[in-house]
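Heads up, the thing below is written out as C-alpha cells.
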Amino acid sequence: MLSAFARAFQTPDLRKKLLFTLGIMVLFRLGAHIPVPGVSFKAVNACLNQKDTTGLFGLVNLFSGGALLQLTIFALGIMPYITASIILQLLTVVIPRLEALKKEGQAGTAKITQYTRYLTIALAVLQGTGIVATASNGALFAGCPQANQIVPDTSVFRIALMVLTMTAGTTVVMWLGELITDRGIGNGMSILIFTSIAAGFPGSMWAIKKSGTIGGGWVEFLSVVAVGILVVMLVIFVEQAQRRIPVQYAKRMIGRRAFGGTSTYIPLKVNQAGVIPVIFASSLLYIPALVVQLTSSQAGWAVWIRDNFVKGDHPIYMATYFLLIVFFAFFYVAISFNPEEVADNMKKYGGFIPGIRAGRPTAEYLNYVLTRITWPGSLYLGVIALIPMIALVAFGQQTNFPFGGTSVLIVVGVGLETVKQIESQLQQRNYEGFLR
C-alpha cells in the first residue's frame, strides 16, 4: 500500500490529485471546529469534559468526526447524505420509476443523484432542527449543569439561523465530496467519512492510556493496539473474501464472425451488505432511547428502556443489536442482489453456470449460494460491531475504543478501495504495451 502511494506521488498527474484530496480533507476538518453562531462554546466544552460522548448521538457524532456534540457548522457531517442514499436505494426496489431510471445508465444515475441531493437537504433541515431543539432544552448533554446554557438565545430567528447554518454546512460537505470524486482520487463521500473517523483515533488511543491503571496505562494501550491489529486483519480478510460462481458463455455466429465462448465468474462477497446493516441496527436502537429522552417520561416502559437500551454494556441491548445486524444483513442483500435478474441477463447473452440449467434453476442456485455465504458475513458483522461493547466491560469505556464496530469497517473498506483506485490509475499511466 505504501509503495502504491509512493509511486503515485512520483506521477505528476496523480500527485496533483492526491494533494487536492488532502487539501479538501484539511478544509473539511477545519470546518468541523468552527462553532455555529449562537452556541456558547464555553458551555459546550464544559459538558464535553464531564460527559462520555457515546450517548444517544454517538453514530452521527462518529460520522461527523466529533463535530456534532461540539455544534459546529459541519455538525451533521455526511450523515444526511448517507441516509438519503440508503433511502433512494431502498425506494429503487419499490418505485418502478426509480427502477427504470437506474436501468437507463449514466443519464438515469445522474437523475437519481440529483434526487439524492434534494433529499439530503431536506434531511439536513430535519436533523438540524432536531439537534438544535435538543441542545436548546438541555437534552443534548443530559446531566450536565451547563446544558441549558449551550444556546443562550432561544428566539425563533436565532434557532432558524442555527438550522440554516447546519444545513448549509451539510451542503458544503456534499459539494466537497463531489469535488474529490471529480478532481481528486475518487470515492469522495467515503474519503470524507474516513477522515471523520480517523481524526478521532489519536485522541481515543491517548484517552485509553490516560485512563489505564496498569503500568501507567501502557498495558491497556498496548492491549488495545494488539486487539486493533487483529481486528483489522480479520476485517481485511473477510472484506476481500468472495465466492466466485463460474459462468460459461456459448459461442454465437454473427455473420462470419464467432462471438462468445469465454469463461468468467460472478463474484459474490462474503460481506455483500457492507456496513449498511450496522448503520440500520444502530439507528433503529437509538429511536426508543431518543423518544424517552425527548419526552422525559417516567412510565414503566420508559424506565425499562432506560435500564436496558441506553447503556451499550447491557446484555439485552447487545443481544438485540446483534440480532438486528443479522436481520438487516439478509434484508439488504435481498434487495440489492436480485438472482432472477442476474439469471435472466445470463440467459439473454448465452451464459450459463456449468452443471446448472439456464433460467429459474440458475436463479435458485444463486439464491442458495448467496444465503449460505450471507450467514458467516452477517455473524462477522455482528461480532465486529460488539467489540466496542465488550471493550466497555473490559476497559470501562466505549467511546474511547477506536478499533471496533462501524469505525474499523469503514476505515479498512475505504482504505482498500482507495488503494485499488490508485493502483488502477497507476496501471493506466505506466502501461508499456506488447510492442517495445
Notebook entry, point to check: Just wondering, is there one or more residues in the stretch 148-164 that are out of contact with any helix residue (DSSP H, G or I) (no Cβ under 9 Å at 6 or more places or on another chain), of a type in the set (Phe, Trp, Tyr) and on the phi < 0 side of the Ramachandran plot?
Noted result: yes
Margin query: Just the residues that are buried (at least 16 other Cβ atoms within 10 Å of the Cβ), in contact with a helix residue (DSSP H, G or I) (Cβ under 7 Å, 6 or more places away or on another chain) and assigned to a helix (DSSP H, G or I), please, taken from the stretch 182-204.
Written below: 188, 189, 190, 191, 192, 193, 194, 195, 196, 197, 198, 199
Check: In the stretch 263-305, what count of residues is obtained for those that are open to solvent by 30 Å² or more (accessible area, probe 1.4 Å), more than 28 Å from residue 410 (Cβ to Cβ) and at pLDDT 75 or above?
Finding: 8
Next item on the list: Given the conditions (1) surrounded by 17 or more Cβ atoms within 10 Å (Cβ to Cβ); (2) modelled with pLDDT of 75 or more, report the number of the one that residue 54 does not fulfil.
Entry: (2)
Notebook entry, point to check: Within the stretch 84-94, is even one residue buried (at least 20 other Cβ atoms within 10 Å of the Cβ), in contact with a helix residue (DSSP H, G or I) (Cβ under 7 Å, 6 or more places away or on another chain) and at positive phi?
Noted result: no
Next item on the list: Scan the stretch 323-358 residue by residue and report those that are in contact with a Ser or Thr (Cβ under 7 Å, 6 or more places away or on another chain) and under 11 Å from residue 374 (Cβ atoms).
Entry: 326, 329, 330, 333
Margin query: Every residue in the stretch 204-224 that is touching a residue at least 60 places away in the same chain (Cβ under 8 Å) and either within 24 Å of residue 78 (Cα to Cα) or under 27 Å from the mean Cα position of the chain (by Cα) (or both), please.
Written below: 204, 205, 207, 208, 224
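Here's the yes/no breakdown for (1) within 20 Å of residue 406 (Cα to Cα); (2) basic (Lys, Arg); (3) in contact with a His (Cβ under 8 Å, 6 or more places away or on another chain):
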site: 154; (1), (2), (3): no, no, no
site: 163; (1), (2), (3): no, no, no
site: 189; (1), (2), (3): yes, no, no
site: 210; (1), (2), (3): no, yes, no
site: 215; (1), (2), (3): no, no, no
site: 242; (1), (2), (3): no, no, no
Check: Do you know which of the residues in the stretch 338-370 that are hydroxyl-bearing (Ser, Thr, Tyr) and in a helix (DSSP H, G or I) is least open to solvent (accessible area, probe 1.4 Å)?
Finding: 362
Check: Considering the stretch 319-331 alone, what residues qualify as being of a type in the set (Phe, Trp, Tyr) and over 15 Å from residue 283 (Cα atoms)?
Finding: 330, 331
Check: How many residues does the stretch 312-337 hold that are part of a loop (DSSP other than H, G, I, E, B) and free of Cβ contacts under 8 Å to residues at least 12 places away in the same chain?
Finding: 1
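The values are calculated or read from the model by the stated rules, or taken from the named source; none is laboratory data. Since we're looking at a predicted model, the values are computed, not measured. Counting neighbours? That spans all protein chains shown, and the Cβs are built from the backbone with ideal geometry, glycine included. Just so you know, the surface numbers come from the protein's heavy atoms only, side chains and all, with ligands and any DNA or RNA stripped out. Shrake-Rupley method; radii C 1.70, N 1.55, O 1.52, S 1.80 Å.
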